Amino acid sequence: MKKLSKKILLLAVVFLFALSFSVGVFAQEIKIGVIGPMKFVQGQGHWNGAVLAAEEINAKGGILVGSQKMKIKLVKADSNEFLNVTDATNAMERLLTSDKVDFIVGGFRTEAVLAMQDIAMEKKKIFIGCGAAHPELCQRVAKDYNTYKYFFRGTPFNSTYLVKTAFIHLGTVAAVLKQTLNIPKIKVAVVAEKALWADPMIPAAEGAIPKMGMEVAGVWRPSSVATDVAAELSAIQRSGAHIIFTVFSASVGIPFARQAGELKIPAMMLGINVEAQKDGFMRATQGKGNYVMSSNTYCREVESNENTKAFLTAYVRRFGETPTYTADTYSAIVYTLAPTITQAGTLDADRIVSVLEERVYKSASGTVKYMKDDQGRHLHDLTWGPGYLTGIATQWQNGRLVGVWPNNWKATPDSPPVTYYGIVPIKIPPWMIEKYKK
């Protein structure tokens, strides 16, 4: 009986040793789930940015956690969120229950990210959003901190600031048109895709444009995946709009720009057009994308800070194209997660949250500082403005994407002017000059 007891004890010790050894081995890596619409440019950006980040960090031995370095293992999840929110929630569930990731980066459409956010929060996993712009994602943090504190916005700054920045671009272009073409009253057509994130931009535009001394020529809401927008463009042309203010995150940005170029509508196109941020935009529009402007994050020749050039150079070398803003999964891993994990000395989510929400740090596109609401509650949202994150405006000129804003921009009359390295003047389409030049 004693021999049997000794054997059982020995087996138990061996089992426990093997278990502890296996845990030690598996704990040598940090699993990061990368979730997004992988069949679309937005999801490709998510994945590429994360791949570049993991390659750079792993080449240096990994992330320092306490006294050991742990390498990153990426897990790709196709959310298919443009077409089906249920697919997105299922993909998030798989990341957390089957793949057992430690962190999540990505997400794009607000409708899907809100649902994915709930799943990640239930599992108490840090989720850095890299695409969805709706303020509610971070307002949830303030309203129910204990539940939603694991969510941080990584990119872009929220839609309130996106539209504020786009209005600054609108005012900049209006000033150029008035000065160059002597148009006394600028008329603006507002065109926003049918999507939740774009909804608050419509009343914002309708309220702001008249206050800026311009007139709203009309509002149009095409499908986010429309392939023919000739009817909308014909109506816009009849409205006499001088500026077309776009709010596009999905594929509609391509046919809209192509057909507008074919019709040579005498108007400047600006606002948000995610497809116009991509190197393949001119090819996708069959060469008709010249003069299209968009709010943007990256342009090969523009440097927002000292980290921008190194990121752009490495990304272009690795993938052969300029990153869209969803590729800021790179910054989410390199500048957000990795240093915070090292500073916290652990993978414990609560300790990482308490460190991260107090950090102020530079990413590849600016300086990150997390906001609080007017009651002093954490939002985990991004601070916008000079010295922090402003984004840029880009324009297609002669088949090339160039940066055109900020160019001597002053946030207030007393502020110092801001110009990022590589910015060039805005160009007006020649057919617009021909129509309005007197």
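The values are calculated or read from the model by the stated rules, or taken from the named source; none is laboratory data. The structure displayed is predicted, hence computed values, not measured ones. Positions of Cβ are generated from backbone atoms using ideal geometry, with glycine treated the same way; all protein chains shown enter the neighbour counts.
What the table shows:
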item	result
Odd one out for Asp87 among (1) under 22 Å from the mean Cα position of the chain (by Cα); (2) under 18 Å from Lys123 (Cβ atoms); (3) charged (D, E, K, R)	(2)
Test: residue in segment 372-388 that is among the aromatic types (Phe, Trp, Tyr) and within 24 Å of the chain's Cα centre (by Cα)	yes
Lone qualifier among Ala257, Ala267, Ala276 - being more than 29 Å from Asn80 (Cβ to Cβ), touching a residue at least 12 places away in the same chain (Cβ under 8 Å) and in the same structural domain as Thr172 (by TED's automatic domain parsing)	Ala267
Selection within segment 303-336 - touching a Lys or Arg at 6+ places or on another chain (Cβ under 8 Å), of a type in the set (Ser, Thr, Tyr) and within 12 Å of Gly45 (Cβ to Cβ)	Thr322, Thr324
Residue in segment 266-298 that is farthest from Thr308 (Cα to Cα), counting only those that are under 21 Å from the mean Cα position of the chain (by Cα) and part of a loop (DSSP other than H, G, I, E, B)	Val292
Test: residue in segment 246-261 that is farther than 30 Å from Pro37 by Cβ and not in a loop (DSSP other than H, G, I, E, B)	no
Odd one out for Ile428, checked against (1) modelled with pLDDT under 95; (2) more than 28 Å from Gly129 (Cα to Cα); (3) of a type in the set (A, V, I, L, M)	(1)
Close pairs (8 angstrom Cβ cut-off, 6 or more residues apart or separate chains): without any contact (Cβ under 8 Å) to a residue 24 or more places away in the chain in segment 167-191, hydrophobic (A, V, I, L, M, F, W, C) anywhere	Lys178/Ile186
Strands (runs of 3 or more DSSP E) contained in segment 354-438 and holding at least 3 residues of a type in the set (A, V, I, L, M)	400-405
Segment 332-372 - residue that is of a type in the set (Gly, Ala, Ser) and under 13 Å from Phe152 (Cα atoms) and, of those, surrounded by the most Cβ atoms within 10 Å (Cβ to Cβ)	Ala332
Pick from segment 56-70, criterion without any contact (Cβ under 8 Å) to a residue 40 or more places away in the chain and not in a loop (DSSP other than H, G, I, E, B), ranking: nearest to the chain's Cα centre (by Cα)	Asn58
Any hit, segment 28-42, residues being of a type in the set (Asp, Glu) and surrounded by 17 or more Cβ atoms within 10 Å (Cβ to Cβ)	no
Per-region count, segment 111-142, residues in contact (Cβ under 8 Å) with a residue 12 or more places away in the chain and in a helix (DSSP H, G or I)	17
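Yes/no matrix, rows are residues, columns are (1) hydrophobic (A, V, I, L, M, F, W, C); (2) assigned by TED's automatic domain parsing to the domain that holds Leu114; (3) farther than 18 Å from Leu114 by Cα:
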site	(1), (2), (3)
Lys39	no, yes, yes
Gly49	no, yes, yes
Ile72	yes, yes, yes
Glu81	no, yes, no
Val85	yes, yes, no
